[in-house]
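A short worksheet on the structure shown next.
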Amino acid sequence: MTDPPTPGVAAERPPYLVAGVVALGALVLYVLTLAPTTQFWDASEYITAAHALGIPHPPANPLFVILAHAWGLLPLGVDYARRINLFAAVTSAAASGVWFLIGERWLRPIVAPTWRRRLVAAAGAVVGATAFTVWNQSVVNEKVYTLSVLTIALVLWLAMRWADQPESARRDHHLVLIAYLLALTATNHLMGVLVAPAVLVYVVLTDPRALLRPRFLVAAALVVAVGTSVNLFIPIRAHFDPYLNQGEATTWPALKAVLAREQFGKPSVFDNPMYPPGPDNPGHTLVLYGQQLLNYVQYFAWQFGRDWLPGTRASLAVLFAALGLLGARRHWRAERRAAFAMATLMLTLTVALVFYLNFRWGYSQPFGGPGLEHEVRERDYFFIASFAAWGVWVGMGIASVMEWIEEAIAARAPTAAPARRLAPAALVLLLALVPLAGNRLTAPRSGETLARDYAHDVLQSVDPYALLVTAGDNDTFPLWYAQEVDGVRKDVSVLVLSLANTGWYLRQLQRRAPPTFDTGTAPDLYRGHAWPRPAAPWMSRFYLGSPADTLPEYVPLAQPATGYLGPIAVKLDPGALGRPYLMRSDLAVLQIIKDELGKRPIYFSTSTGNYADQLGLSPYLVGEGLVRRLVPRPVAASESVRLLDGRGFVNVPRSVALVFGVYRGGATAARPRPRGWVDVPSQNSLLGYVFAYDTIAAALRDEDPPRAERAIALRDAILANTTYAPPPGRRAIDH
């Protein structure tokens, strides 16, 4: 049976102009606090993918790549990275406008005066737009989730518009468009599909027969096929081998692996993700699920005052949770069909999503156990849609509180003028500005250039045509961005250890020759020398002439063994490695050293930690700023190379020339930040500079005290931005 639209509610035309003003206001905020360039984590990868029309990590997000690439072609008068960051800001601001429309429509049976209803709906949209995670993700294209949030809001709005229309064949056009958007958003990220249960509830409670009409079923099947066809971009583009081609999905099995995210090996929702799968896995217990829910509560508490102390944050979380629940209660009383759909959406975006994602303990959760690992970073961005949508119910809660205040004043002063009753009640609207005030220091990214500067510094640390080994995402994605988008040191070949265990990545390295070194943009350090370009890719001699992906995935190493890599000998010790086997990435690095040492410079980024030492390479390593150079004979002390306690051999003149003459990131990292480095998991990049300056200070303590003191000051200023306390008596300095 059809549930008819609420009388007098659906007839009013939606306030699209006001929604545009709300969206514009959010956009102005985001533009003012926009990241000026790339940032750490996935921002660099996605900006690079948009620029190269490439394929980022699974599931490849083809819709985002296509839209962002088209957006990047617009003549906006800013550099490419800022343009793509602006794409995130625009999509998130547009979502704020749609959330306003949703809130305004649902407030109609609750708040009668039009102007007042729109103010309250705008207040709810402001809360959602300035929640920490929403704001922080809207000022940089660090993920593809702002586009998903926009499609979630649009689909919910279309479902509402469909339910408000009189029953007719034309009304079902909304459902066809919903089916298309759900299919389309799935090619961006499956987050966008999480609105489907709420839509299903809306439809079933309104007119369940609509889902069974043959015309709708045929049309829906067609548009779903069209929407999902965007995934064909992945194999088509992969065949062209763009600069970024993760997964190399040139075959159907490879495409399936990309879409299914097989590279990441997601655990079953019924397993404990901190233990290996199998019969001994303790399973996804209620205790673990409770801890995962507490992690969501932690992230929820961040949303309304991340700048402030934990006690204040907790109080604000309780306040805004209460306002949202009050709004949900009022929503249920006013329009149960819509309230049930909204409740379904919130449950899907929170408790159901927490169970499905099945994360390990949160990065900063106070749990621990022997051998049990936390997540490598905070995962609040997975719940961005719930924080944005919660603002709708918060707006309804604000309306309820305003009504209570007016009723209380009317009861105490029945003859009071309406304006006198309204003025105190209107003060409640100021609550919508609390997240804006409470996140103003930690959510913005304006002026933050460290990721770009770090990439420049690492790439400029190595000789032309060098082979540079890096660890994983956070120390590599900025290098990809710098090379592909900014054109910095494209001659450097980068090997990522976390990807070197895959066959497709090794194949790409084996067939890609380095571009010509550009002396015009190089530091003075590399000018005035002849740098012959290698005639072949750096792995062309790889593995006895066989394809690189024929390397075995594992080779047992039960006891110490000595390996001979051309002119050097390495002692491989399972104790030093921490495992009784060599992985494919280890074999690739060792084989490359054997084939290329003496032909091309080889370096390890300091972000790889002691990995090179674990491979037995310590006698052949020399520190040079943010990298360690591999040399073909055991290092001995000399006039320029010195052995420093706890730091190994260091090429002091080279390190000084890099740190004080080439690097840009040191001063950037040392810049005082009101709340320190907010993203604690990525502070290792800052610590690389700390180590470099500390090394310089130790080396120059006697021969150049002023420069040593300057290095110490920079070191301590950087430390002041991290969770590591600077030495006593030292403090951050202003640059």
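The values are calculated or read from the model by the stated rules, or taken from the named source; none is laboratory data. Quick caveat, the model's predicted, so the values are computed rather than measured. Reconstructed Cβ throughout: ideal geometry from the backbone, glycine too, with neighbour counts over all protein chains shown.
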Requested in this report: Determine whether segment 662-684 contains at least one residue that is farther than 30 Å from Tyr363 by Cα and not charged (D, E, K, R).
Outcome: yes
Requested in this report: Give, as residue ranges, the helices (runs of 4 or more DSSP H) completely inside segment 197-263 that count at least 2 residues that are under 30 Å from Leu345 (Cβ atoms) and β-branched (Val, Ile, Thr).
Outcome: 214-228
Report summary line: Of the residues in segment 212-224 that are in contact (Cβ under 8 Å) with a residue 24 or more places away in the chain and among the aliphatic types (A, V, I, L, M), the one that is nearest to Leu259 (Cα to Cα) is Val224
**Report entry** Filter result (in contact with a strand residue (DSSP E or B) (Cβ under 8 Å, 6 or more places away or on another chain), more than 19 Å from Ala238 (Cα to Cα) and of a type outside the set (A, V, I, L, M, F, W, C)) within segment 484-532
**Finding:** Ser493, Asn501, Pro514
Report task. Say whether the condition of being within 27 Å of Ala68 (Cβ to Cβ), surrounded by fewer than 17 Cβ atoms within 10 Å (Cβ to Cβ), under 25 Å from the mean Cα position of the chain (by Cα) and at pLDDT below 95 is met by at least one residue in segment 266-285. Result -> yes
Requested in this report: Working only within segment 100-156, note down all residues that are basic (Lys, Arg) and either surrounded by 24 or more Cβ atoms within 10 Å (Cβ to Cβ) or closer than 26 Å to Trp332 by Cβ (or both).
Outcome: Arg105, Arg108, Arg116, Arg117, Arg118
Query raised in the report: How many residues are over 24 Å from Ala183 (Cα atoms) and among the aliphatic types (A, V, I, L, M) when one looks only at segment 241-268?
Result: 1
Query raised in the report: Among the residues of segment 508-524, is any farther than 25 Å from Lys599 by Cβ, under 29 Å from the mean Cα position of the chain (by Cα) and not in a helix (DSSP H, G or I)?
Result: no
Requested in this report: Could you figure out which of (1) in contact with an Asp or Glu (Cβ under 9 Å, 6 or more places away or on another chain); (2) in a loop (DSSP other than H, G, I, E, B); (3) not charged (D, E, K, R) isn't true of Phe304?
Outcome: (1)
Report task. Out of Arg261, Arg237, report the one residue that is surrounded by 18 or more Cβ atoms within 10 Å (Cβ to Cβ), of a type in the set (Lys, Arg) and either closer than 30 Å to Arg512 by Cβ or without any contact (Cβ under 8 Å) to a residue 40 or more places away in the chain (or both). Result -> Arg237
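If you check Tyr299 against the conditions, is it surrounded by fewer than 19 Cβ atoms within 10 Å (Cβ to Cβ), of a type in the set (Ser, Thr, Tyr) and in the same structural domain as Ile398 (by TED's automatic domain parsing)?
It is false that Tyr299 is surrounded by fewer than 19 Cβ atoms within 10 Å (Cβ to Cβ), of a type in the set (Ser, Thr, Tyr) and in the same structural domain as Ile398 (by TED's automatic domain parsing).
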Report task. Determine which member of the set Leu325, Leu357, Leu319 is under 23 Å from the mean Cα position of the chain (by Cα) and touching a residue at least 24 places away in the same chain (Cβ under 8 Å). Result -> Leu357
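Residue-wise test of (1) under 22 Å from Phe477 (Cβ atoms); (2) surrounded by fewer than 20 Cβ atoms within 10 Å (Cβ to Cβ).
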| site | (1), (2) |
| --- | --- |
| Gly503 | yes, yes |
| Leu506 | yes, no |
| Ala513 | no, yes |
| Gly520 | no, yes |
| Pro523 | no, yes |
| Tyr526 | no, yes |
| Ala530 | no, yes |
| Pro534 | no, yes |
Requested in this report: Could you tell me whether any residue of segment 494-511 is out of contact with any helix residue (DSSP H, G or I) (no Cβ under 8 Å at 6 or more places or on another chain) and among the aliphatic types (A, V, I, L, M)?
Outcome: no
Requested in this report: Examine segment 370-385 for a residue that is in contact with a helix residue (DSSP H, G or I) (Cβ under 6 Å, 6 or more places away or on another chain), touching a residue at least 24 places away in the same chain (Cβ under 8 Å), assigned to a helix (DSSP H, G or I) and among the small types (Gly, Ala, Ser), and state whether such a residue exists.
Outcome: yes
Query raised in the report: Somewhere in segment 455-473, is a residue surrounded by 14 or more Cβ atoms within 10 Å (Cβ to Cβ), in the same structural domain as Phe304 (by TED's automatic domain parsing), touching a residue at least 40 places away in the same chain (Cβ under 8 Å) and touching a Phe, Trp or Tyr at 6+ places or on another chain (Cβ under 9 Å)?
Result: no
Report summary line: For helices (runs of 4 or more DSSP H) lying entirely in segment 603-718, having 1 or more residues that are surrounded by fewer than 19 Cβ atoms within 10 Å (Cβ to Cβ) and without any contact (Cβ under 8 Å) to a residue 60 or more places away in the chain picks out 611-614, 652-661, 684-700
Query raised in the report: Quick check: is even one residue across segment 77-91 among the acidic types (Asp, Glu), surrounded by fewer than 23 Cβ atoms within 10 Å (Cβ to Cβ) and in contact (Cβ under 8 Å) with a residue 12 or more places away in the chain?
Result: yes
Query raised in the report: How many residues are surrounded by fewer than 17 Cβ atoms within 10 Å (Cβ to Cβ) and among the small types (Gly, Ala, Ser) if we restrict to segment 207-234?
Result: 3
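If only one of Ala179, Ala219, Ala183, Ala196 is of a type outside the set (Lys, Arg), at pLDDT 95 or above and farther than 28 Å from Arg13 by Cα, which one is it?
Ala183
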Query raised in the report: Take the residues of segment 20-50 that are among the aromatic types (Phe, Trp, Tyr) and buried (at least 23 other Cβ atoms within 10 Å of the Cβ): which is nearest to Val485 (Cα to Cα)?
Result: Tyr46
